[in-house]
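What follows is a set of notes on a single structure, which appears directly below.
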Amino acid sequence: MAVATLLTAGLALTACGSKVGESASSGSAGATVAATSAGKSCVDTSGSTVKIGFLNSLSGTMAISEKTVHDSLQMAADEINAAGGVNGKQLDVISEDGASEPTTFAEKAQKLIQADCVAAVFGGWTSASRKAMLPVFEGNNSLLFYPVQYEGLEASKNIFYTGATTNQQIVPALDYLKEMGVKSLFLVGSDYVFPRTANKIIKAYAAANGMEIKGEEYTPLGDTEFSTIVNKVQSADADAVFNTLNGDSNVAFFKQYKSVGLTPESMPVVSVSIAEEEVGGIGLDNVQGQLAAWNYFETIDTPTNKKFVEAFKAKYGQDRVTSDPMEAAYTSLYLWKAMAEKAKAFDTASIQGAADGVTFDAPEGTVTVDGENHHISKTALIGKIGPDGLLYTEWSSGQPIEPDPFLTGYPWAQGLASN
């Protein structure tokens, strides 16, 4: 079933009164907000504040990436509160540690919704964490704003996806490699849903575009032993490596990649989960010259981005860097603010109803929410890691790409959503 149909059906159910025990005037910003399909909501906006939740891995293997996402969310909340809040109410942030464990993400999401009574939750990184939280948000008819690029083939009326879907990151990266004359790839990824689904898409693209897949290897999330995989990569002699490793596994992978003599010139690596924040942890000497596909780089030369970068460094230190997932998280809080102010309300149905067409002048450029699939338009970028550890644009789509999470516009992708 098409996502538009699914979302339309879901919204229709809400509009038809699936909310139970809703208090009066859920469409009013001053009202005690509303109910969930699982029971009466405990969200309370009768006072001068509204609670929201931040749920990120502040410990474990994903902390290398997710701590900075939490920092950017906090900066957005502070900015919004300093400017008067949302619908006249200050944001009361409750932070939880997902601890890099999907089950912990699900448990903490349940706590934030049912015990802390937050109006929306912002966070998650791995697709495993998102998949674990999805039934919690759908069961409670609450909202998650998910800030990281992912494998697509999903849409939920209870999730807003502010990172890229595959036609805004992976497909443009493959188009770029094809333009550069790459005819063979080796696939390396962590062993969970994002890399396996992403590689399913990559293999379908390759088959339709005359590319050969010379190898496909997976390793457990958090694994640090890559000698066997790197030897296989070296022996395969592909034109390039497509890397979907997540977390601190990238540290070990790139160190061992370099140790056997592989270089960006001999066999470039295109990564979709490491950005400026991770370069320092991996070690610049190990990744300089390698490629990454995202929708935001710290080096984007616009007044809006310069203001964002300066504000982040002023708050957290001049040695800190900005990156795509943290920018998407920062953007997600402002998009929620715009939806709430358009709706003049905080309840789930009102936010969903107001979402379509909401825009924000983000550091990556202007983004717009698609009300049918709950993704946003984004400009695709391919960057090369420079001698200062920052990513510099090698290629850009030039304009925002409309989200197509089920790749319905790509004939070679037919059938992927049902596999």
Inset, instruction - Using +1 at the Cβ of each Lys and Arg and -1 at the Cβ of each Asp and Glu in the chain, identify which of Gly281, Asn167, Thr228 lies farthest towards the dipole's positive end. - result: Asn167
Legend entry - Accessible area of Met75 in the full protein assembly, 1.4 Å probe (Å², nearest 10): 10
Legend entry - Kirkwood-based shape ratio for the chain, expressed as Rg/Rh from alpha carbons: 0.97
Legend entry - Carbon plus sulfur fraction of accessible area for the chain, probe 1.4 Å, in percent: 51
Inset, instruction - Using a 10 angstrom cutoff on alpha carbons, build the Gaussian network for the chain and name the most mobile of Pro147, Pro195, Pro264. - result: Pro264
Legend entry - Euclidean distance between Cα centres, the stretch 274-322 to the stretch 347-419, Å: 19
Inset, instruction - For Lys178, go through the aspartates and glutamates and keep the ones whose alpha-carbon is under 12 Å away, minus same-chain ones fewer than eight residues off. - result: Glu212, Asp239
Legend entry - Cross-link table Lys200/Lys307; Lys313/Lys342; Lys315/Lys344; Lys203/Lys255; Lys131/Lys183; Lys157/Lys183, entries beyond 29 Å C-alpha to C-alpha: Lys200/Lys307; Lys313/Lys342; Lys315/Lys344; Lys131/Lys183; Lys157/Lys183
Inset, instruction - Compute the projected area of the convex hull of the Cα atoms of the stretch 156-259, averaged over all viewing directions, and report it in nm² to one decimal place. - result: 7.3
Legend entry - Simple spin-label estimate for Asp285 and Tyr316 in nanometres, 7 Å along Cα-Cβ: 2.7
Legend entry - Local electrostatic count at Phe312 - Lys and Arg +1, Asp and Glu -1, tallied over other residues with Cβ under 12 Å: -4
Inset, instruction - With a point put 7 Å past each Cα toward its Cβ, work out how far Val260 is from Ser397 in nm, to one decimal. - result: 3.4
Legend entry - Segments 384-390, 251-257, 403-409 sorted - mean Cβ within 10 Å per residue, highest first: 251-257, 403-409, 384-390
Legend entry - Helix 63-82 axis, angle to the chain major axis (alpha carbon atoms, nearest 10°): 40
Legend entry - Value of [θ]222 nm, deg cm²/dmol, for the chain, DSSP H segments ≥ 4, -39500 (n - 2.57) each, nearest 500: -11500 deg cm²/dmol
Inset, instruction - Take every DSSP beta bridge whose two residues both sit in the chain, then give the antiparallel share in percent to the nearest 5. - result: 35
Legend entry - At 0.890 mPa s and 25 °C, Stokes D of the stretch 244-371 from Kirkwood alpha-carbon radius, µm² per second: 146
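The values are calculated or read from the model by the stated rules, or taken from the named source; none is laboratory data. Since the structure is predicted, the reported quantities are computational estimates derived from the model, not experimental observations. Note that each Cβ is placed from the backbone with ideal geometry, even for glycine, and that neighbours are counted across all protein chains shown. The protein model used for the area step is the full one, side chains on, heavy atoms only, and it has no ligands, DNA or RNA in it. Shrake-Rupley method; radii C 1.70, N 1.55, O 1.52, S 1.80 Å.
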